[in-house]
Structures are given as structure tokens and as C-alpha cells.
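Every number here is computed from the coordinates shown, using simple stated rules; none is lab data. On a predicted model such as this, the values are computed, not experimentally measured, just so you know. Using ideal geometry, Cβ is built from the backbone for each residue, glycine included, and neighbour counts are taken over all protein chains shown.
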């Protein structure tokens with residue numbers, strides 16, 4: 001059974017910017033055993049989406065569907081079973097483990113909470129989980145301060161796995177780590193997906209990481225989706241102009257030919273200035289004209305699984321971007 | 001011995017030992033004190049210190065040493081139970097408001113602002129002169145003053161922790177507010193609570209001593225140090241020991257308490273808020 005999240009979360013008055021919702025008109029789905037990467041710069045609303053799915057903030061509009069069940073509910077009103085199936089891993093491993101608890105307590109708590117096991121059995125569960133994330137079972141007696149950043153992130157993964165989830169929400173979980181450590185955790189995530197049939201919603205701004213882990217990619221700009229597709233499709237032309245900018249911004253060991261690289265670096269919208277119909281229009285190197293400011297761009301289908309939201313049709317983008 | 005506590009400053013260790021001594025006297029004093037604290041004419045009035053009366057006798061011929069020893073239990077019981085009650089309620093309130101935030105926090109904090117603006121001594125005198133002096137009332141009054149002050153400090157400490165990701169994770173798991181408060185938050189603010197308890201115990205000793213001195217503490221002939229200082233005051237020239245002994249008792253409790261708090265706070269990485277009252 002496919003699991004999906006057609007969703008339109010919007011943060012309401014409770015958030016700091018009442019005039020402009022953090023996320024608008026975002027809709028996507030994730031199948032079992034699939035990794036969907038959500039890509040975008042900071043402030044694009046990636047974490048808002050994760051928090052909405054986790055039930056930590058309520059969308060003002062739209063729906064979240066999990067296993068055919070409407071889950072547009074705050075965490076307090078979700079069933080325990082649902083909370084168990086969706087688990088969250090956050091960016092900063094230093095802040096996500098209680099510095100006053102030993103690892104057996106950190107990892108043991110979800111076991112106790114969801115499965116009501118304690119004592120020996122719980123301890124065995126903790127040991128198994130530590131081994132699953134390739135840490136020694138003896139680590140359970142340590143404090144988080146005894147661990148390196150990479151080890152802490154493995155513990156955070158083990159804590160999420162303790163609930164035996166179906167969907168793991170990974171919010172920038174590699175960005176605080178060294179590249180060498182990232183590789184180890186990437187391999188671990190791949191192994192976990194193969195072994196447990198887990199679905200990942202993987203949030204990242206690191207395109208190399210996304211390319212190596214994701215099956216599908218959704219590109220987010222200022223709270224709106226601008227491109228959705230399979231990882232190969234998104235990573236080759238035609239690109240949405242914003243996706244193109246993202247790739248250009250990546251440092252490349254051997255720079256390519258002359259391309260339009262003079263992208264205006266982010267113009268912040270000030271005060272009462274109207275939000276353009278296409279949020280990327282003010283920065284877009286391929287802006288067509290005033291239509292971009294006035295008319296919301298349509299979704300154009302490149303293939304059955306690949307869609308780009310731009311006034312320039314996919315075929316033309318491909319021609320422009322062909323090297 | 002020092003090797004057991006390598007991280008504690010020497011002053012805090014010495015202070016700690018003196019505090020242990022106070023505790024031992026309070027617990028066992030009545031077993032070995034030479035005389036009853038309230039029996040009059042166990043010796044000549046105003047007898048100077050001697051082997052029979054280590055710290056002399058007072059105007060009624062009561063043994064000052066025995067009274068000081070018995071007084072220890074009174075002073076410690078009153079100040080520790082007042083501080084304990086105040087810190088317990090204040091810390092719980094601070095933890096709850098710091099976690100809940102929102103309108104509850106706003107309302108409670110404004111009430112706390114009002115409570116803090118009441119001058120302690122004046123209200124204490126008012127309450128006790130209206131309702132009569134009793135040890136229980138004294139304890140409740142001191143606790144009442146401590147609740148808002150401790151709540152404010154613990155709330156600030158809680159606010160620093162509550163935004164941390166491990167709290168978010170616990171919330172996403174669906175942990176109850178109670179469970180988050182005592183499993184996730186409390187272990188991170190317990191240092192603050194301990195420092196508050198230690199520093200406020202010292203204040204409580206002084207405050208309760210002052211109340212005793214003004215006649216608003218336990219009634220005579222209870223061997224309470226503040227009361228003893230007041231009663232001996234008239235005869236300070238003929239029998240200075242009757243004033244000095246209980247005064248030294250108070251000082252030898254308050255000064256080590258402050259030194260010990262200082263060391264403990266440094267060890268726990270907390271600030272020492274000496275100006276706070």
C-alpha cells in the first residue's frame with residue numbers, strides 16, 4: 001500500500017512572520033522503502049515540513065496522509081502507534097541527546113515507552129540497537145559527552161530505530177558532521193533501508209549526499225516546490241532555473257564552460273513589497289519577463305515522474321541548459 | 001581525605017566539615033548536653049565560663065552551652081524545613097512555567113513580580129503579629145518568600161533547556177508534560193536547584209534568627225539562638241558569653257554555608273547570585 005503525504009502545511013499566526021507563510025502549496029508522497037530528498041537553501045521551509053509531519057506544528061491548511069490515514073493532527077492527538085511509526089532525527093547531535101542521561105537511558109526510553117519492556121529485555125534491545133548502528137554494546141554505559149559527533153548521531157539514529165518506525169524524518173542529519181563521518185552514516189542509512197524497508201524523508205542542502213542516497217528529489221524554494229522527480233532526472237537537464245543555480249553554486253573540481261553564473265545573490269523581500277507569483281523570479285537568471293512576477297508558473301511535465309514549475313517549458317529549458 | 005574531593009576548593013571542604021559538625025550536634029546534642037536547656041538555676045546566675053559551665057550561665061542561671069547545643073536543632077529544623085518547602089514549591093513552579101510558557105507563564109510571572117515586591121520583614125511581622133507566633137507560621141512565611149524567588153531562577157534555567165532538541169524529540173514521541181519535566185528537564189536544572197537550596201538555607205538562618213531576636217520566633221524558653229541573643233543583650237556587660245555564644249553559633253553556620261555554596265556552584269558551573277534575595 002502506498003503511503004503518501006499530499007500536504008499543504010502553512011504556519012499560521014503562531015509563527016513570527018504572520019504575513020508570509022513558511023510553506024505553501026507543497027504536495028508530495030513517499031512510498032515504502034523509498035528515500036525522498038527535500039532540497040533547498042536555509043529558510044526554504046524544509047524544517048517546517050518535517051515538523052508538520054511529526055505533528056510538532058499544525059498546518060493551517062492542507063492534509064497529511066500516512067498509510068491511507070489522515071494524520072493532520074498535533075502530536076498530542078495522534079495515536080501511540082502512529083507516533084511510533086514516524087520518527088524524527090535532528091541536525092545537531094550535540095543538542096538532541098540529553099547530556100545528563102547515559103546511552104542506555106536515551107535509547108532505552110523509546111523501547112520502554114512504546115513496547116513496555118524493561119530490565120534485562122530492554123537492555124538487550126539497547127545493545128542490539130547499538131550494534132545496528134555499528135557501535136559497541138558497551139557504549140550503553142557512556143554519557144553523550146564521551147562521544148564524538150558522528151557517534152552521537154549514530155545514537156540519535158538508534159533512538160529513532162528503537163521505535164521500529166516505518167518512516168524516518170531526517171532533518172539535515174549529516175550537515176554537522178565531517179565528510180569522512182558522513183560517508184559512514186550514509187552507508188548505515190542505506191543498510192537500514194535495505195534491511196528494514198524504511199522510508200526516509202531526507203532533508204539536505206548537500207547535493208552530493210542527496211545524489212548518493214535519494215530515490216526521488218523535491219526542490220523547495222521559499223516554501224514552494226519548484227521541481228520534483230527521480231534523482232537522475234533532477235540531476236540532469238532540464239533543470240528548473242533554481243535547481244540549475246543550486247548546481248552552479250556547488251564547487252566543481254574542474255569548472256565547465258562559460259555559463260550564466262552571475263546570479264543575483266538573494267534579494268530579500270522588504271516590508272509591503274508584493275510576493276511575486278514565482279518566488280524565484282527576483283533571483284532567476286532565466287526570467288522571461290513580467291509574466292514571472294504576475295502569473296504563478298504552471299507545472300510542466302517532463303516525464304511521468306519528473307515535473308518542473310516554470311513558465312519556460314521543459315523542452316526549451318533542456319535546450320538552454322544542454323552543454 | 002583531600003584526594004577524595006580533588007575538584008572541591010579547600011575553603012568549601014573546610015566549610016563542609018563545619019556544616020557536618022553542625023548536623024551532628026543537631027542530631028546527637030540532646031544526648032550529651034550536660035544540662036537541660038530550660039532548667040533554671042543549674043548554676044549561679046551570670047557565672048563565667050568554667051569546667052562546670054563551659055560557656056557560663058545566663059541571668060536565670062541556665063547553662064549557656066547546653067542551650068546553644070539544644071538550639072542547634074531548633075535553628076536547623078526551622079531554617080531547613082522552610083528552605084526545603086520554599087525551594088520544592090518554587091522549583092516545581094519554575095519548571096512548569098518554563099516548560100508550558102504561553103499565557104500560564106505570563107500570568108504566574110506577573111503574580112511572582114508582585115510577590116517579590118513585598119518586603120519580607122514587614123510582611124512577616126504583620127502576619128505573625130496578627131496570627132500569633134508559632135514555628136509553623138514562621139516556616140510557612142519564609143517558604144512563602146522563597147517560592148517566587150526560586151521559581152524565577154529555576155524558570156530561567158528551564159527556558160535554556162526547553163528549546164533543546166532532545167526535548168523536541170521527547171515531545172514528538174508523545175511523552176507527557178510530567179515525564180518531560182522530571183526526566184528531561186529536571187536533571188538539567190537540578191544544579192541550579194541545589195545552589196538555590198544551599199544559598200537560601202543561609203538566608204533562612206539569618207532571617208529566622210532575626211525573627212527570634214525581635215520576639216517573633218519560637219516563644220521563650222525555647223533555646224533559639226536569635227532569642228538568646230536578645231535575652232542576653234541586657235546583661236551584655238556582666239555576662240557577654242550569653243550573647244556571644246549563640247551569635248557565634250549563627251555565624252559559624254551562615255559563613256560556612258555561603259563558602260560551601262560558592263564551591264558547589266563553581267563545581268556545577270552555576271553562577272553565584274549573592275545579590276539575589
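Mind giving me the nanometre distance, one decimal, between the label points for residue B:39 and residue A:319, set 7 Å out from Cα along Cα→Cβ?
With each label placed 7 Å out from Cα toward Cβ, I get 11.6 nm.
If you line up the long axis of helix A:149-161 against the longest principal axis of chain A, both from Cα atoms, how many degrees apart are they, to the nearest 10?
Once rounded, one gets 80 degrees.
Given the rule -39500 (n - 2.57) for each run of at least 4 DSSP H residues, summed and divided by the residues of the protein assembly as shown, what is its mean residue ellipticity at 222 nm, to the nearest 500 deg cm²/dmol?
Calculated at 222 nm, the ellipticity per residue is -16000 deg cm²/dmol.
Which value results when the Cα radius of gyration for the protein assembly as shown is divided by 2.2 N^0.38 Å?
Cα-based Rg divided by the globular estimate yields 1.35.
May I ask you to work out the translational diffusion coefficient for chain A at 10 °C, viscosity 1.306 mPa s, via Stokes-Einstein with Rh from the Kirkwood sum over Cα pairs, reported in whole µm²/s? It would help to have the intermediate numbers written out before the result.
Details: Rh = 21.0 Å.
Approximately 76 µm²/s, per Stokes-Einstein.
What does the convex hull of the alpha-carbon atoms of chain B project to on average, in nm²? The partial results should precede the final answer.
Numbers: hull surface 69.8 nm².
Averaging across all directions leaves 17.5 nm² for the Cα convex hull.
By how many degrees, 0 to 90 and rounded to 10, does the Cα axis of helix A:179-196 deviate from the longest principal axis of chain A?
With rounding to tens, the tilt is 70 degrees.
For peptide A:93-103, what's the mean number of Cβ atoms from other chains within 10 Å of each residue's Cβ?
Mean partner-chain Cβ count within 10 Å for A:93-103: 5.
On a 0 to 90 degree scale, rounded to 10, what angle separates helix A:103-115 from the longest Cα axis of chain A?
90
Pick out which of B:261, B:97, B:51 has the largest mean-square fluctuation in a Gaussian network model of chain B, springs linking Cα atoms closer than 10 Å.
Of the options given, B:51 has the highest mean-square fluctuation.
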